[in-house]
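One structure is given below, encoded as structure tokens.
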Amino acid sequence: MRVIKIFDTTLRDGEQAPGCSMNLSEKIEVAKRLEKLGVDIIEAGFPASSSADFDSVKAVSAAVKDSVTACLCRCIEKDIDAGREALAAAVRPRIHIFLAASPVHMEYKLKMTKEQVLNQAVESVKYAKKFCGDIEFSAEDAFRSDPDFICKIFAEVINAGALTVNFPDTVGYAMPEEFGRRIRYVKEHTSGIEKACLSVHCHNDLGLAAANSLAAVLNGADQVECTVNGIGERAGNASLEEIVMSLKTRRDYFDADTKIDTTQIYSASRIVSQVTGVKLHPNKAVVGDNAFAHEAGIHQHGVMVNRETYEIMTPQSIGIPQSSIVLGRHSGRHAFEKRLNELHITLDDETFEKVFTQFKDLADKKKTISDRDIEALVLDNTVSVPETWKLDHWAVNTGSALGASGVIRLQHKDGKHEKFVSMGDGPLDSIFKAINKIIGREPELELYELGAITGGSSSQGESFVKIAFNGRRWNGRGVSTDVIESSIKAYLSAVNAMEYELGIRG
């Protein structure tokens, strides 16, 4: 049985999509989850695109030990230099270079001839090969290119030292049958292809990214590039969980599988959704809330008799925890630790103690603690940046005829306290204005969302904000049984991420 490599680009292609940005600590945590998932290659970023991406690749390279760490570079020397510097600490580095190869891209974007594109691709692979043994070359917009030209480029870059050649459907234009035929053609007409891994990278503009990727596997592709939850530019990328579970569930059809530990899929999906603030549609394949739900009576009856009547995979196969333990104020360390294990969450001793203490505090306010409550507590203690400002106390006075006034007191990391009172259009507007006065900056609030982690009046409120300042953006999230406090925590989380990054980058 063939083993298909999984190249995950959640931290690069996924993160650059509008609304999906992550701070440095969040990227490191996601990278660790991807490594635990068993991803073969983690694409950590595009180092030459910004100082933030450079730092991300550098940090992920140092954190990842088992998976290959890749970075994206254009076919120019300064990009490759930035890539090799960012990957310096990687145990298993890969430089991934790309160059457009379709007529429309060559004419209007690159303003280059076929010969110039071919020469630049080859020379860039040779240059990158001086610093890194593992080179991947991507022919951007390959599906809309001349197939014979792609075969020629692939043959030349393989001869120059590329170990992987990637055939992208950059704009999601292909249909599954024709994409499969194209991959078969490239496999059969590229000289030296047996010395390289043939990869595909499909976008989801027509909703066919996963189908096209699987058609490619059927026709000889060795590697699939995808993202957790299918996040990515425009309509997104091929979804990792859909690709992996299709191959696992239908091994009889594909005669192929991956090295992914599928029981880690659900936790990886949850962490990506939480740190990006991008919620999954309930009917999202594999990981949506309704993926294993049955409401129709005839379905319920069938599942009660035998789950295989309406389920082709089990919740346990993707790591959805099944436990009869109910956690509450009387639960002890052992029960809590067991639940963390069932959620595939591993914490060091110091973090465990913090989370357990917060769990006990929360249990005094809620009758029972849900898995999502636990995930929220863990997230707050594993992906937070150093706190420049810490919440001390707050109060608001509001009413339909009064307007709103807010007072907040923050503690700076050097120990001093700052207090400010502000008027606003509502309680949060007044508090956010007061925070801005204290920190001495006025970031733009681009997004504010408020939801409940679980149902019921005792649920914790979960707030998510996105702020922008000087062309940069930061996310923040906060959780509390008080929705105003959760909103303040979310805003401060984003502010601290901003202060931390501006402090280290200037």
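The values are calculated or read from the model by the stated rules, or taken from the named source; none is laboratory data. This is a predicted model, so every value here is computed, not measured. FYI the Cβ positions are ideal-geometry reconstructions off the backbone, even for glycines, and counts take in every protein chain you see. To get the accessible areas, we keep the full protein, side chains included, count just its heavy atoms, and leave off ligands, DNA and RNA. Shrake-Rupley method; radii C 1.70, N 1.55, O 1.52, S 1.80 Å.
Electrostatic bookkeeping for VAL224 treats Lys and Arg as +1 and Asp and Glu as -1; over the other residues with beta carbon under 11 Å from its beta carbon, the sum is -4. For region 348-465, the solvent-accessible area works out to 53 Å² per residue, with a probe of 1.4 Å and every protein chain left in place. A simple spin-label model places pseudo-atoms 7 Å from Cα toward Cβ; at LEU347 and HIS334 they are separated by 1.9 nm.
Shape descriptor for region 1-55: Rg over Rh equals 1.02 (Cα atoms; Rh from the Kirkwood inverse mean 1/r). Between the beta carbons of VAL326 and LYS354, assuming R0 = 25 Å, the FRET efficiency works out to 0.65 to the nearest 0.05. Among the aspartates and glutamates, which fall within straight-line cross-link reach of LYS365, defined as a Cα-Cα distance under 13 Å, with same-chain neighbours fewer than 8 residues apart omitted? Within the straight-line cut-off, LYS365 pairs with ASP373, ASP482.
Averaging the sequence gap over all C-alpha pairs within less than 8 Å and six or more residues apart, then dividing by the number of residues, gives region 126-272 a relative contact order of 18 percent.
Extension gain for GLU444 to VAL278 (0.36 nm times residue separation, less C-alpha to C-alpha distance): 57.8 nm.
Distance between the modelled labels on TYR108 and ALA452, one decimal in nanometres: 4.9 nm (7 Å Cα→Cβ projection). Remark: the ALA285-VAL3 segment gains 99.2 nm on full extension, using 0.36 nm per residue and subtracting the alpha carbon distance. The value of relative contact order for the chain, using C-alpha pairs under 8 Å at least six residues apart, is 11 percent.
Per the 1.4 Å probe, what fraction of the accessible area of region 24-73, in percent, lies on carbon and sulfur atoms? Heavy-atom surface of region 24-73 belonging to carbon and sulfur, 1.4 Å probe: 54 percent.
The lysine pair tally for region 175-288, using Cα distances under 25 Å and a gap of 8 or more places or different chains, is 7. Filter the cross-link list LYS27/LYS466; LYS5/LYS58; LYS78/LYS126 down to pairs whose alpha-carbon distance in this structure exceeds 18 Å. LYS5/LYS58, as the Cα separations exceed 18 Å there.
Axis of helix 265-276 versus longest Cα principal axis of the chain: the two differ by about 70°, to the nearest ten degrees. Quick one: if the Förster radius is 60 Å, what FRET efficiency do THR314 and GLU85 give, using the C-beta to C-beta distance and rounding to 0.05? Between THR314 and GLU85 the formula returns 0.85.
Can you give the angle from 0 to 90° between the axis of helix 371-382 and the longest principal axis of the chain, with both taken from C-alpha atoms, to the nearest 10? Between helix and principal axis, roughly 80 degrees. Over region 56-123, what is the mean sequence separation of C-alpha contacts under 8 Å (at least six apart), divided by residue count, expressed as relative contact order in percent? Dividing the mean separation by the residue count of region 56-123 yields 31 percent.
Can you give me the C-alpha center-to-center distance between region 348-397 and region 89-159, rounded to a whole angstrom? Answer, in whole Å: 47. Between the entries (i) 68, 54, 49; (ii) 75, 55, 39; (iii) 73, 62, 44, the label attached to Cα extents along the principal axes in Å calculated for this structure is (iii). Ranked by the mean number of other Cβ atoms within 10 Å of their residues, highest first, the peptides 271-280, 224-233 come out as 224-233, 271-280.
In the context of the full set of protein chains, region 171-279 has a per residue accessible area of 36 Å² (1.4 Å probe). Over all Cα atoms in region 24-126, the spread is summed up by Rg and Dmax: 15.1, 44 Å.
Relative to the longest principal axis of the Cα atoms of the chain, the long axis of helix 240-249 lies at roughly 70 degrees.
Taking label positions 7 Å along the Cα-Cβ direction at both GLU77 and ASN397, the computed distance is 6.8 nm, reported to one decimal.
The sum of -39500 (n - 2.57) across all DSSP H runs of n ≥ 4, divided by the residue count of the chain, sets its helix-only mean residue ellipticity at 222 nm to -12500 deg cm²/dmol.
Straight-line cross-link partners of LYS419 among the lysines, defined as a Cα under 18 Å from its Cα and at least 8 positions apart when in the same chain: LYS390, LYS433, LYS437, LYS489.
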